[in-house]
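S.K.: This is the structure, below, for whatever I ask next.
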Amino acid sequence: MMPMIEAHDLVKRFKSFTAVDHVSFMVPEGVVFGFLGPNGAGKTTTIKMLTTVLAQSEGRLLIDGHDPVTEPLLVRRLFGIVFQDPSLDDELTAAENMELHGALYGLPRSQRRERTETLLRLVGLWDRLDTYVKHLSGGMKRRLEIARALLHRPRVLFLDEPTVGLDPQTRIRIWEFIRAMCRDERVTVFFTTHYMEEVERVADRIAVIDHGRIVAEGTAAALRQQTGAKTLEDAFITLTGRNIREADADPIDRMRALRQASGIRR
Amino acid sequence: MNAIYILWLRQLKRYARSRARIVASLGQPILFLLALGFGLGPTFARAGRGDYVQFLAPGIIAMSILFMAVFSGIEIIWDRQFGFLKETLVAPVSRLEIVLGRTLGGATVALIQGLIVFIVCLAVGFRLPHPLLLPAGLAFMALVAVMCTAAGTALGSLMHDMQGFQLTMNLVVLPLFFFSSALFPVANLPEAMWLAVRLDPLSYGVDGLRGTITGAFAFGATTDFAVLVGLAAILLTTGAYLFSRMEV
């Protein structure tokens, strides 16, 4: 299998803090790759390096054979991304958001229209073409963002917690769309999430990162076997421990997290 | 080019759709024009300075452009807050194109706002001495719009939340307006005040616009033009630089 994403000894330091510490992994073409880890483990920093937003301090990175640092504009054409937080323009319609994306990525107008129709039909939003984004539900916005990320025919799709805050029905639906679109378009998927049952269901391969290092890699079954755990969630806890990590959260957030955790135990 | 155009168009669409914003931002210039124009008008005339509305109108037009332009530039904070900024920052276009599209869009919006205020001025008695002066007036309006939007973009790139916005409005925009000679003639000003007027970039916009219309320049058309073009270029470069250093 051809490698779509290759990371060799990737390091990212912020002053004295090392967020990503000699991370290496390979994502073959056409694979759905789950990137897991507790908060502050280095997931988002890694995604930022993969998507040209941050430059690594050390190590080598290749997306479909191209270096994000030396060829950022080329690499940006190769991937689509759905960020953790919404990134649509609420004051524009669904169609206008797609149109804007197509123009930014240099798609000819006829192609923009055709692709928009195909993708919006696929995510079930074709009848919402002229609806303002601010009038769409949370799940619809997510589907629109996924369709938008695929508009320019990327080779890789990055999804940073694509289903956070959505109900189970919507989550299942969104993954159905992602899988269907990736099958149709032969797109490689790199995603993060905290929902372990989701990972079990959709990921072909998994890497677990903690304290900036990869602590395990393989299929869900292999990870369960390796740790002797019944579920992937148990395997995850075995690999990363029970402590709550709020590496970059402020003290108030930390207290809130602790309070919630103790509430659950009670 | 495509990217610059689509981001320009986005600003226009957002402006055209926010009727509340258009109406709200027309309220202030109209208030100034009516209350000051007719309130101080008799005193102004008695001092032998002629029709105050005629004098005030270019200042109020410049003010409305200033407010709208800085606001449009600073809108970057909103885009950051609501996430749209990320969409543009990972797109395969240079940061310079993004800044140019945004700034030209904001400047166009501010220019439209200035034209609406111009029409309001006509309605309350302002008269253009010659229709051929309109293109020259428009050129000065456009320069003020570009300069102020670029300044707003630069400020917006430095800020991380909405709190800085109110601060900018009170500490930057209002002084720029009040010291710009939009409201008063510059003859016989105290030395310190005259210095403040000359240091205020907006003064050159007000003077360019007023001189074009009334024929009496304080600094001269060439100086006004040169200062505005120079500052617009410097601020655009600064804005582009600060924006390029922004992190998602």
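The values are calculated or read from the model by the stated rules, or taken from the named source; none is laboratory data. Being a predicted model, the structure only gives us computed values, none of them experimental. Every residue, glycine among them, receives a Cβ derived from its backbone with ideal geometry; neighbour counts consider all protein chains shown.
S.K.: If you check residue B:29 against the conditions, is it more than 14 Å from every other protein chain (Cβ to nearest Cβ), in a helix (DSSP H, G or I) and in contact with a Ser or Thr (Cβ under 9 Å, 6 or more places away or on another chain)?
M.R.: yes
S.K.: Continuing with the same structure: Looking at B:12, B:7 in this structure, which one is within 14 Å of another protein chain (Cβ to nearest Cβ), out of contact with any Asp or Glu (no Cβ under 9 Å at 6 or more places or on another chain), touching a residue at least 60 places away in the same chain (Cβ under 8 Å) and of a type outside the set (Phe, Trp, Tyr)?
M.R.: B:12
S.K.: Could you say whether any residue in the stretch A:78-93 is of a type in the set (A, V, I, L, M, F, W, C) and more than 17 Å from the chain's Cα centre (by Cα)?
M.R.: Yes: one or more hits.
S.K.: State whether one or more residues within the stretch A:66-77 are facing chain B (nearest Cβ under 9 Å) and polar (S, T, N, Q).
M.R.: No, the stretch A:66-77 has no match at all.
S.K.: While we're looking at this one, here's another question. Has the stretch A:115-124 got any residue that is at the interface with chain B (Cβ under 10 Å from one of its Cβ atoms) and under 20 Å from residue A:163 (Cα atoms)?
M.R.: Checked the stretch A:115-124: no residue is at the interface with chain B (Cβ under 10 Å from one of its Cβ atoms) and under 20 Å from residue A:163 (Cα atoms).
S.K.: Would you please name the residue that is farthest from the other protein chains (Cβ to nearest Cβ), looking only at residues in the stretch A:96-113 that are touching a helix residue (DSSP H, G or I) at 6+ places or on another chain (Cβ under 9 Å) and surrounded by fewer than 19 Cβ atoms within 10 Å (Cβ to Cβ)?
M.R.: Filtering the stretch A:96-113 for residues that are touching a helix residue (DSSP H, G or I) at 6+ places or on another chain (Cβ under 9 Å) and surrounded by fewer than 19 Cβ atoms within 10 Å (Cβ to Cβ), the one farthest from the other protein chains (Cβ to nearest Cβ) comes out as A:113.
S.K.: A further question on this structure: From (1) in contact with a Pro (Cβ under 9 Å, 6 or more places away or on another chain); (2) surrounded by 16 or more Cβ atoms within 10 Å (Cβ to Cβ); (3) in contact (Cβ under 8 Å) with a residue 12 or more places away in the chain, pick out the condition that doesn't hold for residue A:91.
M.R.: Here residue A:91 meets the rest and fails (1).
S.K.: Hey, another quick one. Every residue in the stretch A:97-140 that is touching a Pro at 6+ places or on another chain (Cβ under 9 Å) and modelled with pLDDT under 95, please.
M.R.: The answer is A:106, A:138.
S.K.: Return yes when residue A:122 is more than 19 Å from residue B:82 (Cα to Cα) and surrounded by fewer than 22 Cβ atoms within 10 Å (Cβ to Cβ) and no when it is not.
M.R.: Considered against the rule, which asks whether it is more than 19 Å from residue B:82 (Cα to Cα) and surrounded by fewer than 22 Cβ atoms within 10 Å (Cβ to Cβ), residue A:122 comes out as yes.
S.K.: Against the condition among the basic types (Lys, Arg) and farther than 16 Å from residue B:76 by Cα, how does residue B:245 come out, does it pass?
M.R.: no
S.K.: Name the helices (runs of 4 or more DSSP H) wholly inside the stretch A:142-242 in which the number of residues that are basic (Lys, Arg) and closer than 30 Å to residue A:105 by Cα is 3 or more.
M.R.: Of the helices (runs of 4 or more DSSP H) lying wholly inside the stretch A:142-242, those with at least 3 residues that are basic (Lys, Arg) and closer than 30 Å to residue A:105 by Cα span A:168-185.
S.K.: Got at least one residue in the stretch A:107-117 being over 23 Å from the mean Cα position of the chain (by Cα), assigned to a helix (DSSP H, G or I) and polar (S, T, N, Q)?
M.R.: Yes, the conditions are met somewhere in the stretch A:107-117.
S.K.: From the residues in the stretch A:14-27 that are without any contact (Cβ under 8 Å) to a residue 60 or more places away in the chain, of a type in the set (A, V, I, L, M, F, W, C) and more than 14 Å from every other protein chain (Cβ to nearest Cβ), which one is nearest to residue A:201 (Cα to Cα)?
M.R.: So, considering only residues that are without any contact (Cβ under 8 Å) to a residue 60 or more places away in the chain, of a type in the set (A, V, I, L, M, F, W, C) and more than 14 Å from every other protein chain (Cβ to nearest Cβ), the one nearest to residue A:201 (Cα to Cα) is A:26.
S.K.: Cβ-Cβ distance below 6 Å, separation of 6 or more or different chains: which pairs start in the stretch B:62-91 with a residue that is more than 7 Å from chain A (Cβ to nearest Cβ) and end on one that is crowded, with 23+ Cβ neighbours inside 10 Å and of a type in the set (Ser, Thr, Tyr)?
M.R.: Listed pairs, sorted by first residue: B:69/B:149; B:72/B:149; B:73/B:149; B:73/B:153.
S.K.: Go through (1) under 30 Å from residue B:14 (Cα atoms); (2) touching a Cys at 6+ places or on another chain (Cβ under 9 Å) for residue A:30 and report which single condition fails.
M.R.: (1)
S.K.: Hey, another quick one. Go over the candidates A:69, A:82, A:23 one by one and state the one that is crowded, with 18+ Cβ neighbours inside 10 Å and either in contact with a Ser or Thr (Cβ under 9 Å, 6 or more places away or on another chain) or acidic (Asp, Glu) (or both).
M.R.: Exactly one residue qualifies, and that residue is A:23.
S.K.: Could you please find all residues in the stretch A:28-65 being assigned to a helix (DSSP H, G or I) and either of a type outside the set (Lys, Arg) or away from chain B (no Cβ under 14 Å) (or both)?
M.R.: Once the filter is applied, which keeps residues that are assigned to a helix (DSSP H, G or I) and either of a type outside the set (Lys, Arg) or away from chain B (no Cβ under 14 Å) (or both), the stretch A:28-65 yields A:43, A:44, A:45, A:46, A:47, A:49, A:50.
S.K.: Being closer than 25 Å to residue B:94 by Cβ and free of Cβ contacts under 8 Å to residues at least 24 places away in the same chain is the requirement here; does residue A:82 meet it?
M.R.: No.
S.K.: Now for a different question. Those residues that are in a helix (DSSP H, G or I) and among the aliphatic types (A, V, I, L, M), I need them from the stretch A:71-105; list them, please.
M.R.: Answer for the stretch A:71-105, where residues must be in a helix (DSSP H, G or I) and among the aliphatic types (A, V, I, L, M): A:73, A:74, A:75, A:78, A:94, A:95, A:98, A:100, A:103, A:104.
S.K.: Are there any helices (runs of 4 or more DSSP H) wholly within the stretch B:132-248 with 3 or more residues that are surrounded by fewer than 20 Cβ atoms within 10 Å (Cβ to Cβ) and aliphatic (A, V, I, L, M), and if so which?
M.R.: Those helices (runs of 4 or more DSSP H) span B:133-158, B:191-199, B:221-244.
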